[in-house]
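Undergrad: Just passing along the structure, written as structure tokens.
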Amino acid sequence: MSLSWRRVLLGSGLALMVTAALSACMVPFRPQLGTATSGLVLVVPVVLGVAAGGFVAGVVSVAIGFLAFDLLFIPPYGTLSVGATRDWVALAVYAAVMLLVAQVVSALSAARAEARRREDHVRRLLELSELLVGDDSEASFLSRVVTAVRDAFDMDAVALLLQRSHGLVVAAEAGQPWSEEQLAALMPRARVPVRAETAEGGIRTLALAATGAPVGLLGFRGPVLGGEDRDLLRGVANQVALSLERARLREQALRTEIAEETERLQKALMGAVSHDLRTPLATIKVSASTMRQTDAALNDEDRQELLRTIDVEADRLARLVTNLLDLTRVQSGALIVDLQPVSMPDLLEESLTCMEPVLAAGQLSLSAADDVPAVTADPVLIGQVLVNLVENALRHCPPGTPISVDVARHDEHRVVVTVADQGPGVGASSEGHVFELFHHRGPGQGAGVGLSIAKAFVEAHGERIWLDESGRPGARFCFTLPAFEDAGGKG
Amino acid sequence: MAVVLAVDDDSALLRAIGIGLKALGHSVTTANTGERGVSEAALVDPDAVVLDLGLPDLDGMEVCRRIRQWSDVPIIVLSADGTEDRKIAALDGGADDYMTKPFSMGELEARLRVALRHRPALQPDDAKELDLGPLHVDLVHHEARLGERPLELTAREFALLTFLVRHAGKVCTHTMILQGVWGPRYGTEVEYLRVYTYRLRRKLGDDDGVALRTVPGVGYRLTVKTTS
């Protein structure tokens, strides 16, 4: 209120001063100027007064102008009486036009101020809505919202309370800290509807609701807001409520998605493990039941073949069970790496004895360069890696395709082991995924557990395993191991 | 003695099945991919096909569908993942029977025997009379006889019996029967089937020559009883 009175005074004073100055300039020449000209000049202080002080100042300016006009420029000078009729007309027109001008100009500036205020509201809303569509963590989002609300409405303090399972809790605050009693005053009482006007000790609350359900409360301390700011605040509160609701829905959607993905993976695991276990079992069962049922009809060669098949498939089943147990160990974090110096040629021979049938047939060849040093590794784990890589090659190659395992120096401190086959290779679409759990090349192709275990074991040594795509036919899997270095004898 | 085509990507299993079937007096052709399976089926014109559903190149169901485009050869599918829905999908897609790995040679032989025995029972669609062992169905007069005994059947029971006789030996899924007998808008009303198969079984009796068997969770199969 004091502000607008000061404005009126300012406008009126300005009008008074300008009127005085202009009159002082014109008084010596008043016979030459005539009433019309001096009336026209006295329009200036009125317009200035209105522009500076609004309509009330305008009216005061008109009064000042009227007095100055009548006293100084309408004969007889120095009195309020008016001589000629045309001077009456001039005076009346001056008063009427000036009042009209005061009204128009003040309305214009009021409209401009209103427009500016609206623009300001829109800008504040826009800033806040940009904040609301931002994609950051809930905590930082909430604190930015309360800070923005505090700044936009010049509050002393703002607090945002959210509905949690055990009631309303303060999720974010800005400005001066809240005391326990003040926070308690924010809490809604039973059967008392929460409204923007709810005020107690300068504390006001605003309910946040979205899609008909309560979301939380916004609490304020600070100046009482005027009608328009209150509307604006309510709009802001609605937006905040909506974006909180949106965040909640998004979290829910994410949780559902994760649950679905988990279920899908579990199904994939069940199907893949089931396939991998049942196929060798089926072979064993068919072979054994054939021997029991039709023994007389079998010749020696077939009987030997069936026995050999049972033997090989039982090994395969055993390896698979080992892999599944290893997988459990890796996933539960119970993997222990027992490092010791290992001679690679010996390890190759030892670990691949279970591949005896393919070794004997000359399908699998092992070689190690002469300069290969001993390595530091867990022989059990690396043996399993070798078996898995060779078995993977066997599974994906036509029968009889040569498979080679080579050991060579990689660099000064490393040895590289390469398992290469000359089969169809890994398709471009699968390259990035071969080590992924449950990745397999086609339906019913098994769990792909072997390669992911190989990867886990090599990485447990702090080393690397990769698929070499140097353009040669077939698939080449490589992994490195650290060379064994005598204590003190570095390099 | 029959010509059997076995399709599986696992060479050890193929070898074992080959030796076993040969010992039982069958002649065996093998294929380790779906494409090869389809072309072998065309080349050797087998009496039965044993088909693994999990093949590296073509889905087993696709192989089944392709063979069905020109041949009525009985197809027994093998599934390794043990899930019902794939089995049912394969049966709906034209397979006659299914087995879950692992299985014994005896089981495979029994299924082959059923498939081979009922192969001639697949009669042309425009046949006016159908026969299955002692069961005789006259489609023109809507009459069915079991040996000398006439069967008193309602229209729906007669339609169900006709459908099962047409697909004798084959495992018919619930969906197949409901759509074939009740109409294309049916498919999930398994309880209808329970009622009608119960009535049909009672009318067929259990000492006579045909058996209507329930395949749990999948469907029904009508077969000729053997004395063995």
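Undergrad: If B:P56 satisfies every condition in (1) over 20 Å from B:P102 (Cα atoms); (2) more than 20 Å from the chain's Cα centre (by Cα) but one, which is the exception?
TA: For B:P56, the failing item is (1).
Undergrad: Quick one: in the range A:297-335, which of the residues that are open to solvent by 60 Å² or more (accessible area, probe 1.4 Å) and of a type in the set (S, T, Y) is nearest to A:I284 (Cα to Cα)?
TA: A:T328
The rows are residues; the columns are (1) over 30 Å from A:S81 (Cα atoms); (2) exposed (fewer than 15 other Cβ atoms within 10 Å of the Cβ).
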{"residue": "A:A102", "(1), (2)": "no, no"}
{"residue": "A:S106", "(1), (2)": "yes, no"}
{"residue": "A:E114", "(1), (2)": "yes, yes"}
{"residue": "A:R144", "(1), (2)": "yes, no"}
{"residue": "A:A159", "(1), (2)": "yes, no"}
{"residue": "A:L162", "(1), (2)": "yes, no"}
{"residue": "A:S165", "(1), (2)": "yes, yes"}
{"residue": "A:A172", "(1), (2)": "yes, no"}
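Undergrad: Moving on. Only one residue in B:D57, B:D52 is free of Cβ contacts under 8 Å to residues at least 40 places away in the same chain and facing another protein chain (nearest Cβ under 9 Å), so which one is that?
TA: B:D57
Undergrad: Then there is this: Does A:T376 count as among the hydroxyl-bearing types (S, T, Y) and either open to solvent by 60 Å² or more (accessible area, probe 1.4 Å) or under 23 Å from A:V449 (Cβ atoms) (or both)?
TA: Spelling it out, it is not the case that A:T376 is among the hydroxyl-bearing types (S, T, Y) and either open to solvent by 60 Å² or more (accessible area, probe 1.4 Å) or under 23 Å from A:V449 (Cβ atoms) (or both).
Undergrad: Let me ask something else about it. Taking the criterion of being buried (at least 19 other Cβ atoms within 10 Å of the Cβ) and within 15 Å of the chain's Cα centre (by Cα), would at least one residue in the range B:127-149 satisfy it?
TA: yes
Undergrad: Consider the range A:262-278. How many of its residues are without any contact (Cβ under 8 Å) to a residue 12 or more places away in the chain and β-branched (V, I, T)?
TA: Result for the range A:262-278: 1.
Undergrad: Modelled with pLDDT under 80 and within 11 Å of chain B (Cβ to nearest Cβ): which single residue out of A:A296, A:A288 fits that description?
TA: Details: A:A288 fails: modelled with pLDDT under 80.
Criteria check complete, one pass: A:A296.
Undergrad: Same structure, new question: Given the criterion open to solvent by 30 Å² or more (accessible area, probe 1.4 Å) and at pLDDT 80 or above, identify the matching residue among A:E261, A:E228, A:E245.
TA: A:E261
Undergrad: Output the residue which, of all residues in the range A:7-35 that are among the small types (G, A, S) and surrounded by fewer than 14 Cβ atoms within 10 Å (Cβ to Cβ), is farthest from A:G78 (Cα to Cα).
TA: Looking at residues that are among the small types (G, A, S) and surrounded by fewer than 14 Cβ atoms within 10 Å (Cβ to Cβ), I get A:A21.
Undergrad: Related question: Which of the residues that make up the range B:1-30 are more than 8 Å from chain A (Cβ to nearest Cβ), within 20 Å of A:E313 (Cα to Cα) and open to solvent by less than 20 Å² (accessible area, probe 1.4 Å)?
TA: B:A6, B:V7, B:D8, B:L14, B:G18, B:L21
Undergrad: Also, I was wondering about something else. Of all residues in the range A:339-356, count the ones that are among the polar types (S, T, N, Q) and touching a helix residue (DSSP H, G or I) at 6+ places or on another chain (Cβ under 6 Å).
TA: 1
Undergrad: Where the second residue is open to solvent by 40 Å² or more (accessible area, probe 1.4 Å) and the first is away from every other protein chain (no Cβ under 13 Å) and lies in the range B:88-117, which pairs have Cβ atoms under 7 Å and are six or more apart or on separate chains?
TA: B:D92/B:T175; B:G93/B:M61; B:G93/B:R65; B:G94/B:R65; B:G94/B:R68; B:D97/B:R111; B:L116/B:D47
Undergrad: In the range B:69-85, how many are under 23 Å from B:L21 (Cβ atoms) and either at the interface with chain A (Cβ under 9 Å from one of its Cβ atoms) or surrounded by 15 or more Cβ atoms within 10 Å (Cβ to Cβ) (or both)? Walk me through it before giving the result.
TA: If we filter the range B:69-85 for residues that are under 23 Å from B:L21 (Cβ atoms), which is where we start, we get B:71-80.
Then keep just the ones that are either at the interface with chain A (Cβ under 9 Å from one of its Cβ atoms) or surrounded by 15 or more Cβ atoms within 10 Å (Cβ to Cβ) (or both); that gives B:71, B:73-80.
Looking only at that region, the number is 9.
Undergrad: If a residue counts only when it is within 22 Å of B:H174 (Cβ to Cβ), which strands (runs of 3 or more DSSP E) contained entirely in the range B:1-92 have at least 2 such residues?
TA: Strands (runs of 3 or more DSSP E) meeting the threshold: B:75-79.
Undergrad: Determine whether the range A:466-475 contains at least one residue that is within 12 Å of A:L389 (Cα to Cα), part of a loop (DSSP other than H, G, I, E, B) and either in the same structural domain as A:D406 (by TED's automatic domain parsing) or modelled with pLDDT of 75 or more (or both).
TA: yes
The values are calculated or read from the model by the stated rules, or taken from the named source; none is laboratory data. On a predicted model such as this, the values are computed, not experimentally measured, just so you know. Heads up, the Cβs are rebuilt from the backbone with ideal geometry, glycines too, and the neighbour counts pull from every protein chain shown. Remember, those area values only see protein heavy atoms, side chains included, never the ligands or the DNA or RNA. Shrake-Rupley method; radii C 1.70, N 1.55, O 1.52, S 1.80 Å.
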